[in-house]
Amino acid sequence: MLSDDGQLMLAYGQGDAAAFEQLYTRYKQPLYQFMINSCDGEATAKELFQEVWVRVIKSRVSFKNDSPFNAWLFRIARNIVIDNYRSKGRRPVTESIDDTESSNVAPLKSTSLSPEQMAVLQQREGVLYDALQQLPEAQREAILLRHIAGLNIAEIAELLDTGLETIKSRLRYATSKLRLLLEEMS
Amino acid sequence: MNSTDTSDKSFKAPDLDTLFSDQKISIPDALDKDILSLSKQALEEPSHKGFWPNHSPWMATAAVVMLAVLITPLLLRAPENQLESNVPDTQSSASAQKRSVFESGSNIGLNEGPTVKKAIQGNTVIEESVHPKLIQQSATVKQVEDTAKISSDSLSFSESEHLSADRVENYPASDTIDIAADSGDINTEISVKAIAPAKPKMLSDSLPQPAYRSSAEQWLSEIKTLVQADKIQVAKDEYNLFLLAYPDHEHTPQFP
């Protein structure tokens, strides 16, 4: 059994259906979660989730194992989300103005949530989704790529074609605001 | 320590990680099945289906033309090269085939195959056209064989189309061969005895031929004389040579 995601994708490109199943099992949950939190509705998230995997399937022959598979997968996902925004006349994330300037919430503090707050939040279904929807799109995108896709700062910067400092800034603001929102909800 | 590592460490948020991991999101089973089904269906399609539709039919046509241009000259040259390279092999294999046939002394029919037939026809032609010479040669060689005991290992025959009658003469057999040849309406059975392997033509040309071989009656008379002189083996050899010259002669001398 291949452990490397890229090797699995290459194996699938050579006709190994089990390799794709292994990849799908590994990434279906974070990808679906990314779609749910990025889209305005579960139906759209399902549709776009399937579209991502269709593109992965179509790219099986042309795939080059020269970058992390998860970064490649979420780049596809992000592009599909942006296309979906454009198709609905919404402003895509890439065209949003700098969120650090537009954000009304300054990154005053970034202390972790208390255990009591965490216990309450974990019992309330949908609170995280609601809090995320209140973030600016660019910040939400950065924090989703960080905490769901598991990408590091450099990978996020490369994926979003943005500078490292900008990504750091977005993450700082996003984390601070999200904690503040969650504290309010708890 | 680079900035990326530093930033990665400084952006750890275990509380948020916990909330994200606890987010209750389940993928519908139908969606799983659809995607996995699509992934398997894609593998059942031709591997280059995604490529050719974008470029066909021009790419396909160009590929066929290129292949034709590249391969046709090779194919046209191939038979010539193959023929040239096979000539020695054909000769050697034919030689081996002929040798085995001649050594076994088996009867060869004209209907045994086109190549054999061709070779035998060549012999038949020789038999008909240079018949006295061949007999003379055989007799001479027989005499030489008795004294010199010439080896028959140098036997070589060719069934190539380039094989000429002269060449056949120069590739003698070592043992007896019975050839059943159907040449037109003439049925002939020839018993060729021991054509010497080396320079038989020169030897036969240099040795005088007995006068009694000029006619069938005198030859048979000479054979009868040899029998009466109790030279039975010599008489049998003479009779074998006689049969080469007159294969359809009905007279058979009585040997004790």
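The values are calculated or read from the model by the stated rules, or taken from the named source; none is laboratory data. What you see is a predicted model; the values in this text were computed from it and never measured. Don't worry about glycine lacking a Cβ; one is built from the backbone with ideal geometry, like all the others, and counts go over all protein chains shown.
Which numbered condition trips up A:E165, out of (1) surrounded by fewer than 16 Cβ atoms within 10 Å (Cβ to Cβ); (2) in contact with a helix residue (DSSP H, G or I) (Cβ under 8 Å, 6 or more places away or on another chain); (3) among the charged types (D, E, K, R)? For A:E165, the failing item is (2).
Could you list, in sequence order, the residues of region A:42-70 that are closer than 13 Å to A:L31 by Cα and more than 14 Å from chain B (Cβ to nearest Cβ)? Matches in region A:42-70: A:F69, A:N70.
Output the residues belonging to region A:173-184 that are within 11 Å of chain B (Cβ to nearest Cβ) and crowded, with 19+ Cβ neighbours inside 10 Å.
Looking only at region A:173-184, we keep the residues that are within 11 Å of chain B (Cβ to nearest Cβ), and these are A:174-176, A:178-179, A:182-183.
Result: A:A174, A:T175, A:S176, A:L178, A:R179, A:L182.
Filter region A:29-82 down to the residues that are more than 16 Å from the chain's Cα centre (by Cα) and crowded, with 21+ Cβ neighbours inside 10 Å and list them by number. Those that are more than 16 Å from the chain's Cα centre (by Cα) and crowded, with 21+ Cβ neighbours inside 10 Å: A:V56, A:R60.
Considering region A:121-134, and only residues there that are part of a helix (DSSP H, G or I) and exposed (fewer than 15 other Cβ atoms within 10 Å of the Cβ), the residue that is farthest from the other protein chains (Cβ to nearest Cβ) turns out to be A:Q133.
Scanning region B:21-31 for residues that are within 7 Å of chain A (Cβ to nearest Cβ) and assigned to a helix (DSSP H, G or I) turns up B:D22, B:L31. Here A:C39 fulfils each of the conditions (1) modelled with pLDDT under 95; (2) facing another protein chain (nearest Cβ under 10 Å) apart from (2).
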